[in-house]
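Working notes, structure below.
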Amino acid sequence: MSPASTEVKGFYRRSVEERREVLREASGLASSDLAPWQPGPGLPSGLLERMIENVVGAFALPLGFATHFKVNGVDRFVPMALEEPSVVAAASNAARIARLRGGFSAQVTPPVMIGQVSLVGVPDPHAARLRILAAREELLKIANEKDPLLNRVGGGARDLEVHLRSTARGPLLVVHLLVDVRDAMGANAVNTMAEALAGELTRLSGGRVNLRIISNLAIHRLARASATFPREALEGEGRTGADVVEGILDAYEFARNDPFRCSTHNKGIMNGISAVAIATGNDFRALEAGAHSYAAFKAPPGGILSPLSTYETTPQGDLVGTLELPLAVGTIGGAAAVHPAAKLNLKILGVSGARELAEVMAAVGLAQNFAALRALANEGIQKGHMALHARNVAVTAGARPDEVDRVATRLVQEHVIRQDRAREVLEDLRRAGSSSP
């Protein structure tokens, strides 16, 4: 049912209950229909209203923990929040295989973010670039005065760059302020510093400041992970480990040379990373933007995209996977400091700060990517994925908790994962009153 009008005066000023009532009446629903919005006891409405606007409740995602992860010699239970079947299981299985050769090795570069200030209408852009560079120390001083706390903990504005772009609207001068944000994601600090430079940059350039904003293409804040996957552990479905290694290498070359495949290759990496980001209260949208932009940024001349991961073999024939991408994550500030579940998940994960969190995320991204390629090169991606998806189909068809596994098992055996078939199987089981599929 479509509402007569979405023009609701003062909607943001109303209470949570009043907003719910507006939506209930407009949609022709009963009060009981709104029960799924009810937040849990650890997430009161008052807290939710401090996080976003026009709150009516909470939207829950399944939260699971991946097992077997060893990153830089440290064991980690990794929180993952998402709705897609098989992701947590695949990451755990990949981590189990990597563990046979010591687990994942991971490193990060310093947590330096880029704040961009764009200048338009500059009469002498080349000369203005030099004037701005000559005023570097004064500009950094202005920026750092905006966040003395960040300076006290070892961060702050470190450097600036000036880039000249040619656009359809004339020359564009872009100043990059490089800021070490320590354990924060950094958006608030960087945006505040970038805005503080507007007056002086206007004077130095003779132009007009347009945008002052952080960039999510965090090329100075990279996370890297690597792992060795033993050839003998990759056997399956009648294929030798050597066959699977060759299949993965072929799949990697497919991604290197075809942008359509590369897009999905990199999406698989983000399946794992974004799930950890959501579970720890990080901005998964910024991470997705940065990762996919970096894939284009590092593409070879004439290319469109580049895989974020690489695969090669050791002299012994084992598979070595590596991953590099920007990961601007934080363990202080934002939802990571406010959301009770995010804080709890970070405690269980046991990271000491943003550096270790990024290392774990990179390891999870590599594990997820390896698991997907192994499945594609071996039994196909659908076997494990659809087995788990069958449980969702069974629930949608109306199966009770004690019936879900029986219905799902039948669907998988028949290779028919559809709701209409799930309903038929459910009816058969209930008529028969059988306790076996």
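Computed from the coordinates by the stated procedures, all read-outs in this text should not be read as laboratory data. Source: prediction; values computed, not measured. Glycine also receives a Cβ, built like all others from the backbone with ideal geometry; neighbour counts cover every protein chain displayed.
Work out, in µm²/s and without decimals, the Stokes-Einstein translational diffusion coefficient of the stretch 107-172 at 25 °C, 0.890 mPa s, Rh from Kirkwood over C-alpha pairs.
Numbers: Rh = 13.9 Å.
So the translational diffusion coefficient is about 177 µm²/s.
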**OP:** Specify the angular offset, from 0 to 90 degrees and rounded to the nearest 10, of the alpha carbon long axis of helix 284-297 from the longest principal axis of the alpha carbons in the chain.
**Re:** 70
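Taking N as the number of residues in the chain, what is its alpha-carbon radius of gyration divided by 2.2 N^0.38 Å? Could the numbers behind the result be given before it?
On the way: Rg = 25.6 Å, N = 437, 2.2 N^0.38 = 22.2 Å.
Normalised Cα radius of gyration, the chain: 1.16.
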Original post:
Mind checking the angle between helix 87-99 and the chain's longest principal axis? C-alpha axes, 0 to 90 degrees, to the nearest 10.
Top reply: 80
**OP:** Using a 10 angstrom cutoff on alpha carbons, build the Gaussian network for the chain and name the most mobile of Asp33, Asp147, Asp420.
**Re:** Asp33
Subject >> Burial ranking of peptide ranges 341-348, 16-23 (average Cβ count within 10 Å, highest at the top) >> reply: 341-348, 16-23
Subject >> Loop trypsin sites (Lys or Arg not before Pro), the stretch 34-120, which have at most 10 other Cβ atoms in a 10 Å radius of their Cβ (DSSP) >> reply: Arg50
Original post:
Against the longest alpha carbon principal axis of the chain, how many degrees, from 0 to 90 and to the nearest 10, is the axis of helix 340-349 turned?
Top reply: 80
Original post:
Of Ile52, Leu29, Phe11, whose Cα points farthest to the positive end of the dipole of the stretch 1-60 (charges on the beta-carbon: +1 Lys, Arg; -1 Asp, Glu; origin at the Cα centre)?
Top reply: Ile52
Original post:
Can you give the Rg and Dmax of the stretch 40-189 based on its C-alpha atoms, in angstrom?
Top reply: 22.9, 62
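Considering lysine pairs in the chain that are 8 or more places apart or on different chains, how many have Cα atoms under 25 Å apart?
Numbers: Lys70/Lys267; Lys70/Lys343; Lys70/Lys347; Lys267/Lys298; Lys267/Lys383.
Lysine pairs satisfying the spacing and distance rule in the chain number 5.
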Original post:
Taking the Cα atoms of the stretch 213-361, what is the range of coordinates along each of the three principal axes, in descending order and whole Å?
Top reply: 49, 38, 24
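Where the only charges are on Cβ atoms (+1 Lys, Arg; -1 Asp, Glu), what is the dipole of the chain about its Cα centre, to the nearest 20 debye? Could you put the intermediate results ahead of the total?
Values: 48 positive and 46 negative charges, 150 e Å.
The calculated dipole for the chain is roughly 720 debye.
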**OP:** Multiply the residue separation of Thr167 and Ala296 by 0.36 nm, subtract the distance between their alpha-carbon atoms, and state the gained length in nm to one decimal.
**Re:** 44.5 nm
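Note the full-extension length gain between Leu23 and Asp75 as 0.36 nm times their separation in residues minus their Cα-Cα distance, in nm to one decimal.
Working: separation 52, 0.36 × 52 = 18.72 nm, distance 4.64 nm.
That pair, Leu23 and Asp75, stretches by 14.1 nm at full extension.
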**OP:** Rounded to the nearest 500, what is the 222 nm mean residue ellipticity of the chain from helices alone, with -39500 (n - 2.57) per DSSP H run of 4+ residues and division by all residues?
**Re:** -14500 deg cm²/dmol
**OP:** Go through 358-364, 84-90, 165-171 and give me the packing order, highest mean Cβ count within 10 Å leading.
**Re:** 358-364, 84-90, 165-171
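When averaged across all projection directions, what area in nm² does the alpha-carbon convex hull of the stretch 1-60 cover?
Mean projected area for the stretch 1-60: 4.4 nm², to one decimal.
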